[in-house]
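Reading through the structure tokens given below for one structure.
The numbers here are math on the coordinates, done by the rules we state, and not lab data. These numbers were taken from a predicted model, which means no experiment stands behind them. Positions of Cβ are backbone-derived with ideal geometry, glycine not excepted, and every protein chain shown enters the neighbour counts.
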Amino acid sequence: MLAIIGGRGLNHLPNLEVTHRQVIRTPYGDPSCPLTYGRIGGTGVVFMARHGYGHSFAPHEINYRANLWALHSQGVQCVLAVGAVGGIRADLVPGTLVLPDDLIDYTWGRKHTYFDGPDQPVVHADFTRPYCPQLRARLLAAAGKLGVPLATGATYGVTQGPRLETRAEVARLERDGCDVVGMTGMPEAALARELKLPYAHLCLVVNHAAGKGASQEAVAFDLVRLSAGMDTVGQLIEAVCRG
Ligand code: HPA
């Protein structure tokens, strides 16, 4: 069974044949939403809307531990996360799909580990490669089959939000080696790793990061591109499921 975590612009999967929904409780509190179960082709799929249905949780308010725990408790084999990002690298313009192969975490104050508290063991999960190479390869193969351009070799900088960045902050992210910037990539990826769940993050660029692109003024989300890009994401997910 494949889990999909949908972000901004993807709070349901149009091509999912839904069988049922279920409210899951976890030792870490409530996940963002009930889980939606169904099938795409021969593959069982569980879908979760990261921000809740109706986009009610800001990135720093999401209970990432409950979300990942809920998916893990359902026996999913891997997690494909989807998220909107700002483009830093010049070629990663709005509308581009990106499959990062690395990340830098700038978030703070989020509950970011299951190995917390007096009765928990001290565990240092390996995170050399935060994203699962096999799941990434499946996505790249699906994109190749569909003829959908999918940029790779990118580093995802994860900021705290909910505000967007300053130009100086984006310049620093760039110096650090970040190619895209978003707010929800962590601790999600690390918690998946602690649970030994293979995880990849498919990103859609919806704006030039602050100070990038032709306009040096306020960041503008491209909602038309968001909607068109998420349609393509749906097709990619379907191709992965039909593999
Ligand atoms: N910065 C941070 N998060 C984002 C952005 C951005 O420019 N665009 C979409 N999510």
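Key figures
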item: Hits in the stretch 137-176 (condition: away from the ligand (no atom under 16 Å from the Cβ), within 21 Å of ILE88 (Cβ to Cβ) and small (Gly, Ala, Ser)); result: GLY153
item: Qualifying strands (runs of 3 or more DSSP E) (wholly inside the stretch 14-63; at least 2 residues being touching a helix residue (DSSP H, G or I) at 6+ places or on another chain (Cβ under 6 Å) and of a type outside the set (A, V, I, L, M)); result: none
item: Any chance ALA210 is in contact (Cβ under 8 Å) with a residue 24 or more places away in the chain and assigned to a loop (DSSP other than H, G, I, E, B); result: yes
item: Meets criteria (part of a helix (DSSP H, G or I) and either buried (at least 20 other Cβ atoms within 10 Å of the Cβ) or in contact (Cβ under 8 Å) with a residue 12 or more places away in the chain (or both)) for LYS111; result: no
item: Qualifying residue in the stretch 113-132 (condition: among the aliphatic types (A, V, I, L, M) and either within 16 Å of the ligand (Cβ to nearest atom) or within 19 Å of the chain's Cα centre (by Cα) (or both)); result: no
item: Among residues of the stretch 173-204, those that are touching a Ser or Thr at 6+ places or on another chain (Cβ under 9 Å) and surrounded by fewer than 18 Cβ atoms within 10 Å (Cβ to Cβ), counted; result: 2
item: So TYR53, is it hydroxyl-bearing (Ser, Thr, Tyr), closer than 28 Å to ARG175 by Cβ and out of contact with any strand residue (DSSP E or B) (no Cβ under 9 Å at 6 or more places or on another chain); result: no
item: Hits in the stretch 54-105 - residues which are buried (at least 21 other Cβ atoms within 10 Å of the Cβ), more than 13 Å from the ligand (Cβ to nearest atom) and either of a type in the set (Gly, Ala, Ser) or without any contact (Cβ under 8 Å) to a residue 60 or more places away in the chain (or both); result: ALA70, ALA81
item: From VAL148, VAL122, residue being within 18 Å of LEU191 (Cα to Cα), part of a loop (DSSP other than H, G, I, E, B) and of a type in the set (A, V, I, L, M); result: VAL122
item: Members of the stretch 223-243 found to be within 16 Å of the ligand (Cβ to nearest atom) and either crowded, with 19+ Cβ neighbours inside 10 Å or more than 11 Å from GLY9 (Cα to Cα) (or both), listed by number; result: ARG225, LEU226, GLY229, MET230, VAL233
